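Note sheet for the following structure.
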Amino acid sequence: MFNSTLKLIVRKTRQDLLKGKASRIILATVFLFCTTSIILAFTKYRDQISQIQHHRKEVRENWEHRPDKHPHRMAHYGYLVFRSAHPLSIFDSGLDDFLGNVIFLEAHKQNTANISEAGSSGILVRFGSFNSAFILQTLVPLIIIFFGYALVSQEKESATLKILNLQGASARDILWGKVLGLWQSSLYFLMPLIPVAYIFAVLAEPSMWVDILIRVIMVLLSYTMYYFFIATITVIISSFSKTSSLSLVSSIGCWLLLVVFLPKTVQFAAQNIFPTPSRIAFETTLEEEIIKSGDSHNPDDPHFKKIKDSLLKRYHVDETAKLPFNYSGFIMKEGEKMSSQIYTRHQKDLQGQYINQLRFSELFGFVDPLLAVKNYSMTAAGTDFETYQRFQDQAEQYRYKMAQHLNDLQIENISNIKPTSGQPAAVVDSDHWKEFTDFEYRFSKVGETIKEQIIPFGILIFWLIACACTIEIRSRNLKFI
């Protein structure tokens, strides 16, 4: 495939594109902007980690230093858990700016994450973060178009395309040479930046250097395939255009379609085909169903009255005060179990809709490769929706264990008989608060991340093959005049 003529065209195309002063200024400017965004994101990441550690320590100390209390009062006192961003978020912040990082955990209630960048910033952040991934996904393709829109059309206009053919270069050599030359030039935007992203990510979290290295390689592969698509479509449009100006207009129109209109249209369509309730509507529905199933705080509730009657019968007593364990704690434990099951079911339904929206968007990667590389990049950087959902799931598991642990303390240590005036209060020793370990958010393993990205990666492979086929087909009917 790589004969001497093809190699010559590739080298000549690359040298012509990069030899100008303007090209070098553009390369340096993009590198400067991307590096600056990474350094700023690194600084922000370090500040965020420092704040999380400070508040986490404060929450833990306040929890452990609470005085002797009734366990159920501690369950309502609550606990704050925090989510740390993945170190590679300094390269691609993805959805992190729009999703919360803190959840307040309490008994009987599943709260959602709060305190996001979008929530605490102005409206500009809602249009997207200006990070390295944004520049590489949207602005660099436009620059590639400006580099390559005239690669074939200008040869036609100056009649040098025919001369190239007469000198022995086939249409296939010319098209492949132009595409590969433009693609190799585009890698000059990517290659210097990847080591910078890796170094700063490792500086942010040195213990994760292997994880970060694998993710960075994933990012590198996805962007190289994406740029091959941009280079191919630029050269193909140029080969069809009679003039360079027409090629430029057509290529920019294609960029607008792929980068601006299609992603927004797909997002809008996904939200309408797979609608999700508002936060208020979701929480209201959840609360109504929990109350309908049984109120553990209401002694006359039919469901819990049945439980009470069965306990009295089983232990051969006529009132709950004579049970060998704390009756209220037992009821609270049952109520927590019921509300948690209802929440989990509703949360799975909600997650299902979000996953449907994501899959819908992923499948449109077959139409617009930007969607594929965007999803792939976010997942590799640990800033996608599924990574956030893991935090929600881990926090809920922790909340449930904490609530049930406190219910068990009440069942085992609190008497059924309420203390009268002058008697010691119904509390447990504060040493019990230390028994429950602190929340530790766990990132998904890189192997799990790779499994999640089979579809986007398969789509990028599809586009790689489609580009090769397009070049081969176009080379059979390319006119030299």
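Nonpolar atom fraction for the chain, defined as the carbon and sulfur part of the 1.4 Å probe accessible area, stands at 62 percent.
Once you compute Rg and the Kirkwood Rh from C-alpha atoms, what is the Rg to Rh ratio for the range 319-378? Write out the running numbers ahead of the final one.
Working: Rg = 22.6 Å, Rh = 15.2 Å.
When Rh is taken as the Kirkwood radius, the ratio is 1.49.
The H on the amide N of L80, modeled in the peptide plane, is under 5 Å from the matching H of L105, each at least 5 residues off or on a different chain. Per-residue ellipticity at 222 nm, computed for the chain from helices alone with -39500 (n - 2.57) per DSSP H run of at least four residues, works out to -22000 deg cm²/dmol.
For the chain, the dipole from Cβ point charges (+1 on Lys and Arg, -1 on Asp and Glu) about the Cα centre works out to 2220 debye, to the nearest 20. Taking R0 as 51 Å, what's the FRET efficiency between H432 and N356 from their Cβ-Cβ distance, rounded to 0.05? Here the calculated transfer efficiency is 0.70. Partner lysines whose Cα lies under 27 Å from the Cα of K12, excluding those fewer than 8 positions away in the same chain, are identified as K21, K156, K162, K178, K242, K479.
Note that the range 199-210 has calculated 3J(HN,Hα) couplings of 4, 5, 5, 5, 4, 5, 8, x, 5, 9, 5, 5 Hz, one per residue in order, obtained from phi through the Karplus relation 6.51 cos²θ - 1.76 cosθ + 1.60 (θ = phi - 60°); glycine and proline are x.
Taking the centroid of alpha carbons for each part, the range 216-270 and the range 154-215 are 15 Å apart. All alpha carbon pair distances within the range 315-431 were sorted into 10 Å bins beginning at 0; the resulting P(r) in whole percents reads 11, 26, 21, 16, 12, 9, 5, 0. Taking 18 Å as the limit for the C-alpha separation, the pairs K44/K451; K69/K434; K313/K418; K306/K348; K305/K337 exceed it in the case of K44/K451; K313/K418; K306/K348.
So if R0 is 51 Å, what FRET efficiency would D408 and R46 give, r being the distance between their Cβ atoms, rounded to the nearest 0.05?
Values: r = 40 Å, r/R0 = 0.78.
That gives a FRET efficiency of 0.80.
Working note: Cα atoms of the range 1-104, range along each principal axis, descending, whole Å: 83, 32, 19.
Taking θ as phi - 60° and the Karplus parameters 6.51, -1.76 and 1.60, the scalar couplings of the range 386-393 work out to 5, 5, 5, 5, 4, 4, 4, 5 Hz in sequence order, x denoting glycine and proline. Calculated accessible area for the chain comes out at 50 Å² per residue, all protein chains present (probe 1.4 Å; ligands, DNA, RNA ignored). Under 5 Å between amide hydrogens, built in the peptide plane, is the criterion, and for K109 it picks out nothing among residues at least 5 positions away or on other chains.
Once backbone amide H atoms are built at 1.01 Å from N, V428 has K69, H70 as its partners under 5 Å, excluding neighbours fewer than 5 places away on the same chain.
Extending 7 Å from the Cα toward the beta-carbon at both A28 and F261 defines two label points whose distance is 3.8 nm.
About its Cα centre, how strong a charge dipole does the range 379-422 have in debye, to the nearest 20, once Lys and Arg get +1 and Asp and Glu get -1 at the Cβ? Provide the component values of the computation, followed by the final result.
Values: 4 positive and 6 negative charges, 51 e Å.
Computed about the Cα centre, the dipole is about 240 debye.
On the beta carbon distance between S310 and K445, with R0 = 35 Å, the FRET formula returns roughly 0.20. Taking the range 411-433 and a reference point 7 angstrom along Cα→Cβ of R73, the backbone N atoms nearer than 13 Å belong to 419, 424-430. Remark: the range 418-435, residue by residue, has Karplus-estimated 3J(HN,Hα) of 5, x, 8, 4, x, 7, x, 5, 7, 9, 10, 5, 5, 4, 5, 5, 7, 5 Hz, where x stands for each Gly or Pro and the curve is 6.51 cos²θ - 1.76 cosθ + 1.60 at θ = phi - 60°. For S4 and A468, the difference between the fully extended length at 0.36 nm per residue and the C-alpha to C-alpha distance is 165.1 nm. Taking 7 Å steps out from each Cα toward its Cβ at D318 and L80 produces label points 5.2 nm apart.
In a reduced charge model with +1 at each Lys and Arg Cβ and -1 at each Asp and Glu Cβ, the range 251-403 shows a dipole moment near 300 debye about its Cα centre. Sorting the segments 330-342, 77-89 by their residues' average number of neighbouring beta-carbon atoms within 10 angstrom, most packed first, yields 77-89, 330-342. Computing semi-axes √(5λ) of the Cα gyration tensor in Å directly from the structure and comparing it against (i) 42, 34, 18; (ii) 35, 27, 20; (iii) 62, 23, 16 singles out (iii).
Cα convex hull, the range 241-307: 104 Å³ per residue, rounded to a whole number. Here M191 sits with roughly 90 square angstrom of accessible surface, probe radius 1.4 Å. The label point for T243 and the one for D295, both projected 7 Å from the Cα toward the Cβ, are 7.8 nm apart.
The values are calculated or read from the model by the stated rules, or taken from the named source; none is laboratory data. Predicted model only: the values in this text are computed from it and were never measured. Virtual Cβ from ideal backbone geometry, glycine too; neighbours counted across all protein chains shown. Quick note on the areas: whole protein, heavy atoms, side chains included, nothing else; ligands and nucleic acids left out. Shrake-Rupley method; radii C 1.70, N 1.55, O 1.52, S 1.80 Å.
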